[in-house]
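Asks: This is the structure, below, for whatever I ask next.
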Ligand SMILES: CC(C)(COP(=O)(O)OP(=O)(O)OC[C@H]1O[C@@H](n2cnc3c(N)ncnc32)[C@H](O)[C@@H]1OP(=O)(O)O)[C@@H](O)C(=O)NCCC(=O)NCCS
């Protein structure tokens with residue numbers, strides 16, 4: 001049974017070894033994954049059998065705005081509603097912010113539209129030399 005948590009209590013890198021960041025040539029390690037979860041203002045984790053099988057993060061200024069940079073469900077767990085539930089629970093945490101933004105591929109827009117988001121345009125920068133994470137975390 002899938003359960004959901006909002007805190008990182010007793011979470012370790014060993015809970016994150018299921019194979020996240022599918023398709024990333026230079027993915028963050030489970031230890032770096034733990035660090036980015038700890039650095040996020042909001043997280044929701046999906047658990048099954050003692051392992052994290054899905055996660056979503058948000059980064060916020062605590063006043064007006066929040067940004068959702070990462071959402072992923074392990075391939076073996078996709079198509080069961082876990083991704084949608086992570087989004088639903090995250091948006092509930094962010095319901096008092098004026099701005100809540102996600103950048104996504106066009107084919108993902110219907111998925112987010114089901115949760116009330118609408119298409120817009122974005123500008124992005126990707127530093128592929130740092131795809132595995134900032135060296136110091138500063
Ligand atoms: C997107 C993702 C989190 C969805 O997780 P999930 O647990 O399968 O989601 P749900 O079961 O709640 O919903 C499945 C729906 O996701 C949508 N979806 C998933 N991947 C999609 C894609 N690449 N393109 C378009 N829609 C997609 C579909 O609408 C699907 O609906 P269907 O079941 O009717 O086909 C998961 O596919 C994933 O981890 N993908 C890789 C990482 C990623 O793309 N993250 C989003 C970054 S913006």
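The values are calculated or read from the model by the stated rules, or taken from the named source; none is laboratory data. All values reported here derive from a predicted model rather than from experimental measurement. Here Cβ is always computed from backbone atoms with ideal geometry, including for glycine, and neighbour counts include all displayed protein chains.
Asks: Could you count how many residues in segment 93-118 are within 24 Å of residue 61 (Cβ to Cβ), surrounded by 11 or more Cβ atoms within 10 Å (Cβ to Cβ) and without any contact (Cβ under 8 Å) to a residue 60 or more places away in the chain? If you could, list the steps in order and put the result at the bottom.
Replies: First, the residues of segment 93-118 that are within 24 Å of residue 61 (Cβ to Cβ): 93-104, 112, 115-118.
Checking which are surrounded by 11 or more Cβ atoms within 10 Å (Cβ to Cβ) leaves us with 93-94, 97, 99-104, 112, 115, 117.
Cutting the leftovers down to without any contact (Cβ under 8 Å) to a residue 60 or more places away in the chain gives us 94, 97, 99-104, 112, 115, 117.
Number of matching residues: 11.
Asks: Taking segment 19-53 as the region of interest, how many residues are in contact with a helix residue (DSSP H, G or I) (Cβ under 9 Å, 6 or more places away or on another chain), farther than 26 Å from residue 127 by Cβ and part of a loop (DSSP other than H, G, I, E, B)?
Replies: 1
Asks: Continuing with the same structure: Filtering segment 119-137 down to residues that are surrounded by 10 or more Cβ atoms within 10 Å (Cβ to Cβ) and modelled with pLDDT of 95 or more, which residue is farthest from residue 23 (Cα to Cα)? Break it down stepwise before answering.
Replies: Restricting attention to segment 119-137, the residues satisfying the condition of being surrounded by 10 or more Cβ atoms within 10 Å (Cβ to Cβ) are 119, 130-134, 137.
Next, from what is left, pick out any that are modelled with pLDDT of 95 or more: 119, 130-133.
Values: 119: 25, 130: 15, 131: 12, 132: 13, 133: 16 Å.
Of everything passing the filter in segment 119-137, 119 is farthest from residue 23 (Cα to Cα).
Asks: Follow-up question, since we're still on this one. Which count do you get for residues in segment 1-18 that are in contact with a strand residue (DSSP E or B) (Cβ under 6 Å, 6 or more places away or on another chain) and either outside any loop (DSSP other than H, G, I, E, B) or closer than 15 Å to residue 69 by Cα (or both)?
Replies: Final tally of qualifying residues: 5.
Asks: Sticking with this one: Do you know which residues across segment 49-60 are surrounded by fewer than 17 Cβ atoms within 10 Å (Cβ to Cβ) and touching a strand residue (DSSP E or B) at 6+ places or on another chain (Cβ under 9 Å)?
Replies: Of everything in segment 49-60, just one residue is surrounded by fewer than 17 Cβ atoms within 10 Å (Cβ to Cβ) and touching a strand residue (DSSP E or B) at 6+ places or on another chain (Cβ under 9 Å), namely 59.
Asks: May I pose another question? Taking the condition of being within 12 Å of the ligand (Cβ to nearest atom), assigned to a strand (DSSP E or B) and over 18 Å from residue 48 (Cβ atoms), how many residues in segment 68-125 meet it?
Replies: Residues that pass the stated criteria total 5.
Asks: Test of understanding: among 65, 10, 60, 41, which residue is more than 16 Å from the ligand (Cβ to nearest atom) and on the phi > 0 side of the Ramachandran plot?
Replies: 10
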